[in-house]
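Report on the structure given below.
We did not get these values from a lab; they are worked out from the coordinates using the rules stated. These numbers come from a predicted model, not from an experiment. A quick note on method: Cβ atoms are made from the backbone with ideal geometry, for glycine too, and the neighbour counts reach across all protein chains shown.
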Amino acid sequence: MIHPTAFVIDHSAAMRDSLGAMLKDLGLVVCGHSPNGASALESLRLLKPDLILLDILIPGGTGIETISNIRQSVPAAKVIVLTSLSDRDMVLECRRLGAADYVLKPFEWLALKKRVTRVVRSMSGERLALAGVAPAGLARVSSGSSFFEDILLDARRDKAAFIISQPNMKQGDIQEMFDELSG
């Protein structure tokens, strides 16, 4: 299975590590990270990640310049902007440049996970194995047998639903069943 790839650009090493761990928990492969936009661009051109988490307040150029450069270098990548700036013009400029989402710091980790998952699910199914990406706030485990057991854990209510499904069952059907069971 091919997992979506992610790249983190943040000036804080601790934040890069934390974001990387969260992305891995969601089933993404963290292919790289950088403390600034300038040093990230060469890596982005080579690695062509599916998702980029970008702190807009980074040294070595503004995040706005970095989004513009990302669009030129890796046009298919989805960019989620992370920032403490709630300026309306900044939000609009990021959206105009193609940012998939704009998340204000400080953020709640579960809320960020949901937003990252939503963006990942919106990506092209041809390039990504979306069945391997867990729905928002959920963890997914598959046994790999002809019938498999999807264990969907609702992190918000600490409940679990066990769903036995056919291999041809779509992730949306599984999610719908889970929502009915945990509703």
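Brief remarks on what is shown
- Residue count for region 16-41 satisfying the condition of being assigned to a helix (DSSP H, G or I), within 15 Å of the chain's Cα centre (by Cα), surrounded by fewer than 17 Cβ atoms within 10 Å (Cβ to Cβ) and not hydroxyl-bearing (Ser, Thr, Tyr): 4.
To keep it simple, each residue is scored yes or no on (1) touching a His at 6+ places or on another chain (Cβ under 6 Å); (2) basic (Lys, Arg); (3) over 26 Å from Ile2 (Cα atoms).
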position	(1), (2), (3)
Val29	yes, no, no
Ser34	no, no, no
Ala38	no, no, yes
Glu42	no, no, no
Leu47	no, no, no
Ser68	no, no, yes
Ser73	no, no, no
Ala77	no, no, no
Ser84	no, no, yes
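- Ser84 being more than 15 Å from Thr117 (Cα to Cα) and either surrounded by 19 or more Cβ atoms within 10 Å (Cβ to Cβ) or in contact with a strand residue (DSSP E or B) (Cβ under 8 Å, 6 or more places away or on another chain) (or both): yes
- Residue within region 91-105 that is buried (at least 18 other Cβ atoms within 10 Å of the Cβ) and over 24 Å from Ser122 (Cβ atoms) present: no
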